[in-house]
1. If amide hydrogens are placed 1.01 Å from N in the peptide plane, which non-local residues have theirs closer than 5 Å to the one on I33?
2. Let me know the charge dipole size of the chain about its Cα centre in debye, to the nearest 20, where only the beta-carbon of Lys, Arg (+1) and Asp, Glu (-1) is charged.
3. List the chymotrypsin sites (Phe, Trp or Tyr not before Pro) in the range 70-99 that DSSP assigns to loop (not H, G, I, E or B) and whose Cβ has at most 11 other Cβ atoms within 10 Å. Which are they?
4. Taking amide H positions as placed 1.01 Å from N in the peptide plane, with prolines and chain starts having none, which residues 5 or more places from R91, or on another chain, fall under 5 Å of its amide H?
5. May I ask for the longest run of the chain untouched by GluC sites (Glu not before Pro) that are loop-located per DSSP and have at most 10 neighbouring C-beta atoms (other than their own) within 10 Å?
6. Tally Lys and Arg at +1 and Asp and Glu at -1 over the other residues with C-beta under 15 Å from the C-beta of T384: what net charge comes out?
7. Let me understand the range 3-162 better: what is its radius of gyration from the alpha carbons, and its Dmax, in angstrom?
8. In sequence order, what are the phi-derived ³J(HN,Hα) couplings for the range 42-59 according to the Karplus relation 6.51 cos²θ - 1.76 cosθ + 1.60 with θ = phi - 60°, rounded to whole Hz, with x for glycine and proline?
Amino acid sequence: MNPFTIMKKTNRIPFRFSDGINYFASDAYVPEIHLIIHFESKIEVPRLQKALRLLLDTEPVLGCRFVENLWKAFWEPIPENELDKAKLLERKSGSLPEQEEALNKFYGESIDGLSGPQLKAMLFSRQSGDRLVLKINHLVCDAGGFKEVLYRLSSIYTKLASDPDFRPEVRNGSRSLGQVYRNFTPFARLGIFHRGLKELFRAANPSQSQQYPAVKERQGPVYFQFKHFSRDRSAQVMDYARQHDATLNDVVVTAVFRAIARQAGWEVNKAGAMRINGTVDLRRYLPSGKADALCMLSGVYSVVMEDSVDDRFEDTLLKIRLKINEQKENYFGLGIMLVLYCMLSPYPFFIKKRAVKKQWRDNLDKGRVPPGMTNLGRIDHKKTGFGGAGVQSAYMAAPACCPPWFSCGLSEFSGTLTLSTGFYPSSIPAGQIKDFFKLVDEELPGK
């Protein structure tokens, strides 16, 4: 028997606090992340199927089903014979309209976390090069973890070409946020906790803020739209950020803020302040920059704008950059997660589930969930070789939000930027999203 199989199936995998944060919010969004890869050539289907199957062994939580009970949830390994029969990869050929229809259907089909596995893929066969779409359950990881999954899939696929019996190393390390916080002294953790209290107050005040214009209807499957920026256009935006001592995230958050304000007709005296939430990859605090196992290591931050929209983009950028930089000076992204952990960890699973889900529902009903802009990060083209298949483009899609919540995601690959958003057409017309992306492009400097 294979030794890594023995290691994989010995114990249940604990359901971590970070898993719960995503699960408890599942009434507010669809907890799935998508990753799309366009290849320059054809992919060998049997080898890809085998690589996907081995991926479930090297990242054990992917080969589990989610089990919840009153007191404590956990991830239960799926028996090997069931994993071997699991349909991890769907294939679609045919005309481009037929493939697009199949892709939209795939976007709308959610992973059943209670049955598992926690990963699905669809391969589209095209003369110009195949397209692979990966879908992962957000409970098991964030965008940073998903990129690690992509790199491992590429590595396994590549190595299987020369060694069909190749077996990857299993990652059985910690999935806990503790791997981040243990790098700080007890005194520093007190400072992080104090900072978290301030950040929670900032995130909750004002309790009402400008919402993205949407109807509170959640009907039909979700739909995704993307805005791809050319290499030259992306370079203009990144050059502008460097020239203004800002990050790419600062510039895009500013453009998104101004675009929402324009589309919503934001007026401070009527709608109050506008707040935008974002995420922070906490792997920045790990010595190696990598987690011990596949998990979610994300924190949150919030930017509140009390003033009207400035006439000049650079004036708004300056305000947002200063607000974000002030948070970066003191444990950026760490505070809120630590406070929530301390507040919720003493209680059994069913109480945490009931309380947090109710809070999310109330906030949605009362318009207290501000728009979001998630920086999904850069996909490393050097780690996505797939055995010489060649990758033309790659981008990610942040989870789709339930109305009236709205969020978009930013990803980068080989010097090109992509904005994405998932939504319900019953709540937001597709044309409105297209107009929103056009406004973001207009706001971004360099044109």
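All of the numbers you see were taken from the coordinates with simple rules; none came from a lab. In this text the structure is predicted, and so the values were computed from the model without any measurement. All Cβ positions, even for glycine, are placed from backbone atoms using ideal geometry, and neighbour counts span all protein chains on display.
1. Here I136, H138 satisfy the definition.
2. Values: 62 positive and 49 negative charges, 192 e Å.
The dipole magnitude comes to about 920 debye.
3. Numbers: sites: W71, F74, W75; in loops: W71.
Filter output for the range 70-99: W71.
4. L123
5. Longest site-free region, per DSSP loop and neighbour criteria: 1-168.
6. Details: positive: R131, K147, R152, K159, R378, K382, K383; negative: E40, D130, E148, D380, E412.
Local net charge: +2.
7. 16.2, 53
8. These are the phi-based 3J(HN,Hα) values: 7, 9, 6, 4, x, 5, 5, 4, 5, 5, 5, 5, 5, 4, 5, 7, 6, 10 Hz.
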